[in-house]
Structures are given as C-alpha cells and as structure tokens.
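Structure, as structure tokens:
The values are calculated or read from the model by the stated rules, or taken from the named source; none is laboratory data. Keep in mind that what you see is a predicted model, and the values were worked out from it rather than measured. Neighbour counts run over all protein chains shown; Cβ positions are idealised from the backbone, glycine included.
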Amino acid sequence: MSIKYVILGYLGWKPMTGYDLKKIIADSETLPWSGNNNQIYKALVQLHKDEWVRKVTENQTGAPNRHIYSITDEGELALREWVDNEPESPHTKKSFLNQLMWADSLDIKEIDELLEAYLNTVGEKIFFLRVQADRKPNMPERTPRERYLWEMIYKNWIAQYETELDWVRQIRQELSKGETHRRWV
C-alpha cells in the first residue's frame, strides 16, 4: 500500500496542509507509516506532479507560507481505481515472533518476563486504539456508511490485538504448568 493513496483519501475528505497530514498519520495507531516529513512531502510533490492534487499557497504575515492541498478530479479517479483494486493479503510482520523463536535459550522466568512485557505492549496498543475509536480523531463521517466502515476498521484492529493477548496468555499459562516442557522431553 502506498502512502499517496492514504493522502489522497484524506484530501478527498477536506483540503489540508502537509503538516495537517503529517499529524494525522503520525497520530494514527492503524497506519504503518511514521508520518515523517520526507514521506509526506515527497508524496505530495509526486501527487502534485501527477496532477492528482492542487496546491494553493496562503501567505502569512510573520510565518512561512502555508501550502494547502486538495484532491483534483484526476486524483479522485486514481483513488477510486485504487480502492476498487483487488485487496492485498494481510501483511503481519511481528518482530516479537523472531525473538520468541530463539527464546528457548532463556530460562522459564526470563521467557515469562518477555511474554509479560509483550502482553503489556499489546495491551497499551489496544488502549490507544479504543481511545482513538471513541474520540474519532481525523475520521471523516460524511455519510452513515462511511462512519460505519471506519468504526469496523477500528474493531478489526482491536480484535487482532485482543487475539494476540489471548495467544500470549495461553503460552504463559502452558509454560507455567510445565506442560510444554513435558511435551518435548
């Protein structure tokens, strides 16, 4: 997935500056980008070059000029074509699984501490997702269907992390009983 389509989507909602987009992306718990200036502004330059966005410069006294971007008809068409494409399969990269692959080198207490730390990290992620879902920051609600789709996206993310919590709890429980050890002796 390309950040440029996410930017087009937000600009289809309302005109924004690069800074506005940076804040939205950086504050999002569900987007895979950091929202750094290089990502955002590089994409905006390309979108403008492709004529998918227009840029209006707003002069400000005592401050740098603001560049406000909005989506063009060509941009709306490109966004629609992208949305209408066959979806990609889910990408799940969990660096924690790489740690866990080699955790047999740790003693049972250290493994449990590792799992507890991961449990806490996932729990925090769920908390922040729930806060965002409740507050609905930067969530377009132009139609009831759009609001519903965004709510379901948050529910999907939360459900994935809740499944992860259950999985970690199961591992901790089995390791604490020593059952996993007995299976492999």
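General observations
- Ser28 among the hydroxyl-bearing types (Ser, Thr, Tyr) and touching a Pro at 6+ places or on another chain (Cβ under 9 Å): yes
- Those residues of the range 74-97 which are surrounded by 10 or more Cβ atoms within 10 Å (Cβ to Cβ), free of Cβ contacts under 8 Å to residues at least 40 places away in the same chain and of a type outside the set (A, V, I, L, M), in sequence order: Glu74, Arg80, Glu81, Lys94, Phe96
- Verdict on Ala63 being closer than 30 Å to Gln173 by Cα and either free of Cβ contacts under 8 Å to residues at least 40 places away in the same chain or not β-branched (Val, Ile, Thr) (or both): no
- Out of Glu113, Glu86, Glu141, Glu76, sole residue that is out of contact with any Gly (no Cβ under 8 Å at 6 or more places or on another chain) and part of a helix (DSSP H, G or I): Glu113
- Meets criteria (free of Cβ contacts under 8 Å to residues at least 40 places away in the same chain and assigned to a helix (DSSP H, G or I)) for Tyr41: yes
- Single residue of the range 13-46 satisfying the filter (touching a Ser or Thr at 6+ places or on another chain (Cβ under 9 Å) and at pLDDT 85 or above) that is surrounded by the fewest Cβ atoms within 10 Å (Cβ to Cβ): Lys14
- Meets criteria (surrounded by fewer than 10 Cβ atoms within 10 Å (Cβ to Cβ), under 27 Å from Thr163 (Cα atoms) and not basic (Lys, Arg)) for Pro144: no
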